[in-house]
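The values are calculated or read from the model by the stated rules, or taken from the named source; none is laboratory data. Fair warning: this is a prediction, and the values are worked out from it, not measured in the lab. All Cβ positions, glycine included, derive from the backbone under ideal geometry; neighbour counts span all protein chains shown.
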Amino acid sequence: MQFALTDEQRMLQDSVDRFIERDYDFEHRRSLIATDEGFSDTHWKTFADLGWLGVPFSEEQGGYGGGLVEAGLILEAFGRGLVVEPYLWTVVVGGGLLSLAGRDDLLAEVIAGDLHLAFGFAEPQSRFDLADVATRGEKQGSGYRITGHKAVVFNAPSAGRIIVPARTGGAQREAEGISLFVIDPSADGVSVRGYPTVDGLRAAEVELDGVMVGADALLGGEGEGYPLIETTADRATAALCCEAAGVMQTMVASTQDYLKTRNQFGVPLSKFQVLQHRMAELFIHKEQSQSMAYMALVRAGQEDRVARARAASAAKTFVGDKGRIVGQEAIQMHGGMGVTDEMPISHYFKRLTMIDTLFGNADFHRRRFANLSGTARAA
Amino acid sequence: MQFALTDEQRMLQDSVDRFIERDYDFEHRRSLIATDEGFSDTHWKTFADLGWLGVPFSEEQGGYGGGLVEAGLILEAFGRGLVVEPYLWTVVVGGGLLSLAGRDDLLAEVIAGDLHLAFGFAEPQSRFDLADVATRGEKQGSGYRITGHKAVVFNAPSAGRIIVPARTGGAQREAEGISLFVIDPSADGVSVRGYPTVDGLRAAEVELDGVMVGADALLGGEGEGYPLIETTADRATAALCCEAAGVMQTMVASTQDYLKTRNQFGVPLSKFQVLQHRMAELFIHKEQSQSMAYMALVRAGQEDRVARARAASAAKTFVGDKGRIVGQEAIQMHGGMGVTDEMPISHYFKRLTMIDTLFGNADFHRRRFANLSGTARAA
Amino acid sequence: MDLELSPQDVAFRDEVRQFIADHLPQDIRDKMRLGQHLEKDDYVRWQKILYKRGWMGVGWPTEHGGPDWSPVQRYIFEEETGLGDCPRIIPFGLRMVGPVIIAFGTDEQKQQHLPKILSSDVWWCQGYSEPGAGSDLASLKTRAVRDNGHYVVNGQKTWTTLAQYADWIFCLVRTDESAKKQEGISFLLIDMKTPGITVKPIVTLDGGREVNEVFFDDVRVPVENLVGPENQGWTVAKFLLGHERTNIAEVGRSKNQLARVKEIAAAEMQNGAPLIEDPRFREKIADVEIDLMALDMTLLRIVSAESAGRAPGPEASLLKIRATEVQQAITELLVEAIGYYANPYVKDAMSAGWNEPPVGPDYAATLAPYYFNHRKASIYGGSNEVQRGIIAKMVLGF
Amino acid sequence: MDLELSPQDVAFRDEVRQFIADHLPQDIRDKMRLGQHLEKDDYVRWQKILYKRGWMGVGWPTEHGGPDWSPVQRYIFEEETGLGDCPRIIPFGLRMVGPVIIAFGTDEQKQQHLPKILSSDVWWCQGYSEPGAGSDLASLKTRAVRDNGHYVVNGQKTWTTLAQYADWIFCLVRTDESAKKQEGISFLLIDMKTPGITVKPIVTLDGGREVNEVFFDDVRVPVENLVGPENQGWTVAKFLLGHERTNIAEVGRSKNQLARVKEIAAAEMQNGAPLIEDPRFREKIADVEIDLMALDMTLLRIVSAESAGRAPGPEASLLKIRATEVQQAITELLVEAIGYYANPYVKDAMSAGWNEPPVGPDYAATLAPYYFNHRKASIYGGSNEVQRGIIAKMVLGF
């Protein structure tokens, strides 16, 4: 048991931190999110060159033989720098699905930085239930005809492929009968209505109106998509918790600095006991959020579904609950400055808030965790 | 609309406060709870002489024509003084049931101070569900034969009559088919196993083993006991919230005094900003608890079941949640002194804690309130 | 103790309710219900409608146009306008500088300003906060130097709400730099058209432009615009802080927003059923509803005390803290209810007149910005930390 | 990063687990499971069993009898003894005065005291707190005046845990009244049989008698019992505060108690079904379980850092705060689970050997007292307020 970073992992994170420090100051981020695409292709190419896009994949698949832990560590550092490039969606989620399904051809394009991906796992009525799929995939000859509405599909405006679950069997909200398809957004019947998100990212409503795909568009077996979806969601959740931990780290550090430098009633705010104690709580929250994120990362790579799911849900619940406190308190302690667009802290706050909505919020995962927990002594 | 005490109500509370100040200091209370009976008959006679035992009952019933509000105000003052005399059980609960059922004969004894009452509404399996009655009442001739186990029956050791719900029809946990019986604890088949409670009161396990009662033991119609039980529980809940508000008032005042007089690091504790802000929160909690208790009192006297039940459940939820905070914080701010038996604060804390368990705790009433609330605009 | 309205009060409530139903313009009502951005004209139109009915000068003496309502009537009016989707009354004229002028102003000031405040012909804003001062209001640095019948004002104010619409600003300025902190401050009325004033918007985290910086560069203000004696501005400011504050509870408005939570939760689905049928979500709503009841009942106790002639005390701090907490909790529930559709940021959908179909349900667009925007509630207007300090000192005697 | 135990550590865990199964006396296990009162003999018996196995001196150098475990092994031992219903190791000898004597003591002191601490032949207690001092430990007033090869000690200590069982006490005393607060304090070892010492129990709110006042009336202590230099006692005390504190996390014990919550909630009924099937109660348990995981994982990160040779820092404050919060949350769940049967106070049922049938379920009697008693957890041992102050100063640099 060694619940600390290896030297290689530390070096990886250091290199990401250095990239942010050198090439990703806050004004730069601001200019990126104001562009049409919302992030930088140049940076993306750099990520490819540095090997970050292939980090979690095996060497056989053209990757660099790391794992989810390494991807999570990159996202933690991205969280610290509030990086908007869609690493989560293209590499962890999309790449993760391709990797599980053995689609090394597309994965190679991802690793090379030539392909962006999106995953349309949510629908207007689904809320956080991954099995609530109304989109239909009807067999047509050797292929399928897909019809449905995918809601808030992150990174879809830039994606060269969109992966969508569609129901080829089973009743709505059943795990059985869901198939995964790789869709080309330029295909007939696909409409992608893009928009920015409140935290400066890009997403889209994706309408599929009788989209025809061949049998090769299927990821995994027909009707056997759900386990891939759930596994990927748990892994993405773990990685997302790392990003949240990184966001919290910067928020706590910024607030700490702000309180030390800002004077009120003739003394620095950091001398007010109320703020000291509240900051001590935030410090604990961000430390423990990191612990939970790392736990989820480690467990997400394991075979045991229950251990993986419990860890992901525990971490997401914790990060959701404490993240709300950290975010709101950091803003409150910044006073009026905290609610301005000008200060980075407000952008970190928005990102942290929106992370809670992804892959199920704290209440969703609390219930999932409770239902996965027995009455046995294992805690 | 006049949400403040009338002059008469204020005078009534003043007289109770004066009684406590003059005759009920903390050492006196300590000596009372160490006696076998656990409270003072002399005080009880005084209460009768002062008319407090008849306050909530109409003049036709031999009372003094006040209402639940007046009883609640007495209990609020009792809460401030941590009075152990069983006013809640004999007057509000027992007397309330007798009054609803028109048993003026027994009510006269209560008002005169000659009769104590208990109400065995809980059973080992019932938790907070008032309709979960396993005790059976079988028709035998013109009377009934009652068998069952009543759990934690407050004031039973001193009670001249114990009122018990028993099932004369319907299935378990059905509201239909519950009848109320007045039992003489000296009757054959009644066993009363008394004990003190953690907050210095007295209760008992009451076993009914084929207890024979006549038709005159029935309160209200056969099988029609549930509405009486629920009404009485809501009224008692409102009155209990008043007691809780009174307890909180003393806890906040004591903690306030303690912080002002106790020095640490060369200054009074009241100068520590962290404690100032936490005390400000406690101040708000006790003020709002009083508001909620009064609201429940006013609504509990009304006809509308939903308005009464929502108010009682809202108040009990609020008082339970905030009472836990007030209690724990008051102890914490007293430091080591707070956890000693010697300091009154620890006894107030225990009482406040136990109030949450009576007639359903905060979670129980939160759910009841939520289920009574529509989606309409009335809030 | 009695929670029922008297027949007269019931009649009054019905009258207010009917008036709103009849006279609140439908376009304004629609914007309010969707949480969309209001224009200056929306506020002014509604305030003029109230003015015409004689209901604008709430809290003002009748001689200056106040409607002479009892505390209970004021409570009812606040509740009904909040429940009825009416825009907020912009407080800077009516509730702030108006009462100050009534209490401290000269006859000329009264004649010049009060009628136009009441008729909403002049829009006021408040120049209190300064950069670097935060909660320490008295550390303000904007200075006013006497020169030939004028004060020459230099400095900067910040967090000035809706200054972009304002015709006049009331300011605290330092008129004696040698005096101790709270002394040496004066209360000045300044015409926003005076040369040397620049207004610069501050974009807030939700993308909104409600607050501004206001710069004063050799702005010449006639000495006649001083309210109260020179260097006694702090007394004036304190009067304002203690003035009729029960309206900060915003109970009616929060009841309205909580009903909106329920409506949205009844429309949103989870596991094939409306979200509102989820016991946990219902209980979270119940918690906020109960906290709102506690606020309402405490407000009613204060209103009853006022009816009995007792002056309001530091209860305002209690109301401020809990009211803003309830408001913020409601905005959290709204974001939670909407799930993934909290994410899209479609700026145009936040104003009326956008003709494209909404992204997700039509009520979704404004919810996350509403949550973000409302973080200010516990910061502005005397932060909740300042309010706790006031309770500790003024009530607990710490 | 890796959360799996190595094969060696798995073997060690199994060995500890088996040892507890084989050697923890059943009567002690039963008391622990019911939360009943332990006698002095219960603690001593168990500690002697561990001593015999060579497992008592955790954290001690091997030359003094420490078992030479890695940080992970210590973690496993803590976890397994906590899960396995073992009594707490009384810390005053083993974890407090023992390490102090090892670090600062003379050879004579080491020879005299260390073996008997390890063998549990001598029971120690801690004389730090004084009435009126609270968290301000350094304001202590008990004084020791040199007189003819002795210190004459006068004063009073309080909150002295289990002093009624103690053979020796270690004390902070003031040896120089003219020096500044933290200076002029010395660290003394005192035989409790010395004339002039009186122990008076303090009854706690749960009715327990765990803590005491200890009075010193002209108590003569040989100067040889001074540890470290005279007037350097504060340095000694600080060493202790910084010493190996990961054991304060009590993770294994809390996991055990949380399992007890689940067992009781599975036995208690609500609406005809086990309480544990209530979604809300399950989620409340989940919340505490998740908080406990966060504590455990943070502890593991600290243990891993220790394994890599990094000295523990002010993380102890984090662990203290969250560990006690989790413990207290568990006691709340226990009281909540038991419903009305939290009320009966049957004192005799809290000790073993009572032969009457229980009031309610047999697990009920000790739950409310356990909750009440555990309010101390956030007060004693450096209150959680003090710990937050330490984090603010030492970690955040405030």
Exercise. Before we move on, is residue A:258 surrounded by fewer than 22 Cβ atoms within 10 Å (Cβ to Cβ) and part of a helix (DSSP H, G or I)?
Worked result: yes
Exercise. Out of all the residues in the range B:240-271, which are free of Cβ contacts under 8 Å to residues at least 12 places away in the same chain and at the interface with chain C (Cβ under 9 Å from one of its Cβ atoms)?
Worked result: B:260, B:268, B:271
Exercise. Within the range A:161-214, which residues are in a strand (DSSP E or B), of a type in the set (D, E, K, R) and either crowded, with 18+ Cβ neighbours inside 10 Å or touching a residue at least 60 places away in the same chain (Cβ under 8 Å) (or both)?
Worked result: A:161, A:167, A:202, A:205, A:209
Exercise. Would you pick out the residues in the range B:114-141 that are touching an Asp or Glu at 6+ places or on another chain (Cβ under 8 Å) and not aliphatic (A, V, I, L, M)?
Worked result: B:123, B:125, B:126, B:127, B:132, B:135
Exercise. Exactly one of (1) facing another protein chain (nearest Cβ under 7 Å); (2) out of contact with any Lys or Arg (no Cβ under 8 Å at 6 or more places or on another chain); (3) basic (Lys, Arg) is unmet by residue D:280. Its number?
Worked result: (2)
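Report yes if residue C:203 is free of Cβ contacts under 8 Å to residues at least 40 places away in the same chain, within 24 Å of residue C:328 (Cβ to Cβ) and within 23 Å of the chain's Cα centre (by Cα), otherwise no.
yes
Kindly provide the set of residues from the range B:343-365 that are outside any helix (DSSP H, G or I) and more than 7 Å from chain D (Cβ to nearest Cβ), ordered by number.
Matches in the range B:343-365: B:343, B:356, B:358, B:359, B:360.
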For this session: Would you please name the residue that is surrounded by the most Cβ atoms within 10 Å (Cβ to Cβ), looking only at residues in the range A:57-99 that are of a type in the set (D, E, K, R) and closer than 22 Å to residue A:254 by Cα?
Result: A:76
Exercise. So is residue A:301 small (Gly, Ala, Ser) and under 19 Å from residue C:332 (Cβ atoms) or not?
Worked result: no
For this session: Please determine, by comparing only the residues of the range A:100-144 that are farther than 26 Å from residue C:363 by Cβ and charged (D, E, K, R), which one is surrounded by the fewest Cβ atoms within 10 Å (Cβ to Cβ).
Result: A:105
Seminar exercise, completed: Note on the range D:259-269: residues surrounded by fewer than 21 Cβ atoms within 10 Å (Cβ to Cβ) and at the interface with another protein chain (Cβ under 7 Å from one of its Cβ atoms) are D:259, D:263, D:266, D:269
Seminar exercise, completed: Within the range D:128-157, residues within 19 Å of the chain's Cα centre (by Cα) and modelled with pLDDT of 95 or more come out as D:157
Exercise. So, in the range A:151-190, of the ones that are out of contact with any Leu (no Cβ under 8 Å at 6 or more places or on another chain) and among the hydroxyl-bearing types (Ser, Thr, Tyr), which residue ends up nearest to residue A:87 (Cα to Cα)?
Worked result: A:158
For this session: Go through the range A:116-146 residue by residue and tally those that are away from every other protein chain (no Cβ under 14 Å), in contact with a Gly (Cβ under 8 Å, 6 or more places away or on another chain), under 16 Å from residue A:162 (Cα atoms) and among the small types (Gly, Ala, Ser).
Result: 0
Exercise. Any residue at all in the range D:330-350 that is surrounded by fewer than 21 Cβ atoms within 10 Å (Cβ to Cβ) and within 11 Å of chain A (Cβ to nearest Cβ)?
Worked result: no
Exercise. Among the candidates A:306, A:319, which residue alone is surrounded by fewer than 23 Cβ atoms within 10 Å (Cβ to Cβ) and more than 9 Å from chain C (Cβ to nearest Cβ)?
Worked result: A:306
For this session: Quick one: in the range C:370-398, of everything that is of a type in the set (A, V, I, L, M, F, W, C) and within 30 Å of residue C:351 (Cβ to Cβ), which residue is farthest from the other protein chains (Cβ to nearest Cβ)?
Result: C:377
Problem set entry | Tally of residues being more than 15 Å from residue A:81 (Cβ to Cβ) and touching a residue at least 60 places away in the same chain (Cβ under 8 Å) across the range A:26-43 | 2
Exercise. Could you say whether any residue in the range B:366-377 is part of a helix (DSSP H, G or I), of a type outside the set (Asp, Glu) and within 10 Å of chain D (Cβ to nearest Cβ)?
Worked result: yes
Exercise. Pick from A:122, A:71: which is hydrophobic (A, V, I, L, M, F, W, C) and outside any helix (DSSP H, G or I)?
Worked result: A:122
Exercise. What number of residues in the range D:136-152 are part of a loop (DSSP other than H, G, I, E, B), surrounded by fewer than 18 Cβ atoms within 10 Å (Cβ to Cβ) and in contact (Cβ under 8 Å) with a residue 60 or more places away in the chain?
Worked result: 1
For this session: Scan the range C:153-167 residue by residue and report those that are part of a strand (DSSP E or B) and not polar (S, T, N, Q).
Result: C:153, C:155, C:157, C:159
Problem set entry | Pairs where the first residue, in the range C:322-338, is among the hydroxyl-bearing types (Ser, Thr, Tyr) and the second is in a helix (DSSP H, G or I), C-beta under 7 Å, 6+ apart | C:324/C:377; C:324/C:378; C:324/C:384; C:331/C:370; C:331/C:371; C:331/C:374
For this session: Name the single residue, out of those in the range C:95-112 being of a type in the set (Gly, Ala, Ser) and crowded, with 16+ Cβ neighbours inside 10 Å, that is farthest from residue C:232 (Cα to Cα).
Result: C:98
Seminar exercise, completed: Of the residues in the range A:322-342 that are at the interface with chain C (Cβ under 7 Å from one of its Cβ atoms) and of a type in the set (A, V, I, L, M, F, W, C), the one that is farthest from the chain's Cα centre (by Cα) is A:339
Exercise. Tell me, which residue of the range C:76-112 that is in contact with a strand residue (DSSP E or B) (Cβ under 7 Å, 6 or more places away or on another chain) and of a type outside the set (A, V, I, L, M, F, W, C) is nearest to residue C:4 (Cα to Cα)?
Worked result: C:93
Exercise. (1) within 20 Å of residue D:184 (Cβ to Cβ); (2) crowded, with 23+ Cβ neighbours inside 10 Å: which one isn't true of residue D:76, the others all being true?
Worked result: (1)
Seminar exercise, completed: Inside the range C:167-183, the number of residues satisfying the requirement of being in contact with a helix residue (DSSP H, G or I) (Cβ under 9 Å, 6 or more places away or on another chain) and modelled with pLDDT under 95 is 3
